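The values are calculated or read from the model by the stated rules, or taken from the named source; none is laboratory data. Just so you know, these numbers come straight off a predicted model, no measurement behind them. All Cβ positions, glycine included, derive from the backbone under ideal geometry; neighbour counts span all protein chains shown.
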């Protein structure tokens, strides 16, 4: 899979939450997209009041290695929830 350029509004560089490797990201494209430096995640939900991104180290792990709460105040554009996680790549699994 190749990397696509990340085209976002200027808000994309605002810190989201406490983790320094998590930024606002972009609402498009939907899904998980490899970008320079990490992965952009975007999901659509008209009715969600909360979204969490679960990261796993191995396919047989029963508990996530990391849980990232996607902040509605900074990581939501209309019905699209989005977050950019820097420093992860193809070996990281997510749901």
Condition test on residue 42, is it under 21 Å from residue 93 (Cβ atoms) and either at pLDDT below 85 or touching a strand residue (DSSP E or B) at 6+ places or on another chain (Cβ under 7 Å) (or both)?
-> yes
Could you check how many residues of segment 85-95 are in a loop (DSSP other than H, G, I, E, B) and in contact with a strand residue (DSSP E or B) (Cβ under 9 Å, 6 or more places away or on another chain)?
-> 6
Out of (1) farther than 19 Å from residue 68 by Cα; (2) out of contact with any strand residue (DSSP E or B) (no Cβ under 6 Å at 6 or more places or on another chain); (3) at pLDDT below 90, the one residue 29 does not meet is (3)
